[in-house]
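K.L.:
Quick one: this structure, given as structure tokens, is what I'll be asking you about.
The values are calculated or read from the model by the stated rules, or taken from the named source; none is laboratory data. On a predicted model such as this, the values are computed, not experimentally measured, just so you know. A quick note on method: Cβ atoms are made from the backbone with ideal geometry, for glycine too, and the neighbour counts reach across all protein chains shown.
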Amino acid sequence: MNPNRPVTQARDGQVIVGIKKDLQNVSSLPIGGTTFTMATIETLIQSRIDAANAVDVARANWLQATAKYEALNAQVTPVVRGLRNYVINAFGENSPVLADFGFTPPKKAVLTPEQNVAKALKAAATRKARGTMGKKEKLKIKGTVATAGPATPASPVPSPAPTATPPTNPVGVVTAAPPSVTQQK
């Protein structure tokens with residue numbers, strides 16, 4: 001198991017305490033093919049503790065610098081975006097002036113024929129699901145008018161529900177039975 005940096009620092013500190021307490025009388029110690037004095041081992045271990053402390057300081061500085069950058073980035077990004085839009089509007093989308101600023105012309109999305117078909121099918125399905133109609137379909141829908149006949153109470157005639165098929169009376173002619181006319185002779 002590889003311990004993390006704080007655990008290693010704590011262990012290294014404890015090792016230095018142990019060397020000073022229990023190995024003061026040992027002049028040298030052969031370890032891994034090299035002979036070390038106790039002072040050399042203490043210095044080596046202390047250098048790892050110091051390096052870990054330097055990592056902590058560097059990380060804190062990095063976090064502080066990153067936070068400062070993010071705050072500045074949030075402020076500058078809209079300004080650069082606005083400047084780009086201004087340059088495009090002032091000089092045109094394909095002007096070589098854009099390159100002077102390092103801007104590229106806006107890209108227009110080019111859909112494949114399959115994507116266009118899928119887009120149209122999805123739009124038609126959405127339109128059908130919502131029951132929406134265009135101007136021409138709305139014009140085809142006509143209501144009927146109740147005629148004044150004998151003393152019958154007028155009842156409202158509901159307009160037909162919109163359908164995808166054209167109505168049977170596209171011209172809008174009101175059909176009603178002619179009133180009975182009695183001729184006197």
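K.L.:
I'd like the residue in the range 95-145 that is assigned to a loop (DSSP other than H, G, I, E, B) and aliphatic (A, V, I, L, M) and, out of all such residues, is farthest from Gly82 (Cα to Cα).
P.N.:
So in the range 95-145, the residues assigned to a loop (DSSP other than H, G, I, E, B) come out as 95-96, 102-112, 131-134, 141-145.
This time we only want the ones that are aliphatic (A, V, I, L, M), so: 109-111, 133, 141, 145.
On the way: Ala109: 22, Val110: 25, Leu111: 28, Met133: 39, Ile141: 48, Val145: 59 Å.
Result: Val145.
Table: residues versus (1) free of Cβ contacts under 8 Å to residues at least 60 places away in the same chain; (2) in a helix (DSSP H, G or I); (3) surrounded by 11 or more Cβ atoms within 10 Å (Cβ to Cβ).
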residue: Asp12; (1), (2), (3): yes, yes, yes
residue: Ile16; (1), (2), (3): yes, yes, yes
residue: Lys21; (1), (2), (3): yes, yes, no
residue: Gln24; (1), (2), (3): yes, no, no
residue: Ile41; (1), (2), (3): yes, yes, yes
residue: Leu44; (1), (2), (3): yes, yes, yes
residue: Asp56; (1), (2), (3): yes, yes, yes
residue: Ala65; (1), (2), (3): yes, yes, no
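K.L.:
Would you say Asn73 is polar (S, T, N, Q), over 25 Å from the mean Cα position of the chain (by Cα), at pLDDT 95 or above and in a helix (DSSP H, G or I)? Before you say what the answer is, go through the steps one by one.
P.N.:
Working: polar (S, T, N, Q): yes; over 25 Å from the mean Cα position of the chain (by Cα): no; at pLDDT 95 or above: yes; in a helix (DSSP H, G or I): yes.
No, not satisfied.
K.L.:
Given the criterion modelled with pLDDT of 80 or more and of a type outside the set (Ser, Thr, Tyr), identify the matching residue among Ala125, Ala161. Show your work before the answer.
P.N.:
On the way: Ala161 fails: modelled with pLDDT of 80 or more.
Testing whether each residue is modelled with pLDDT of 80 or more and of a type outside the set (Ser, Thr, Tyr) leaves just Ala125.
K.L.:
Okay, next question. Out of (1) touching a residue at least 24 places away in the same chain (Cβ under 8 Å); (2) assigned to a strand (DSSP E or B); (3) not aliphatic (A, V, I, L, M), the odd one out for Thr35 is which?
P.N.:
(1)
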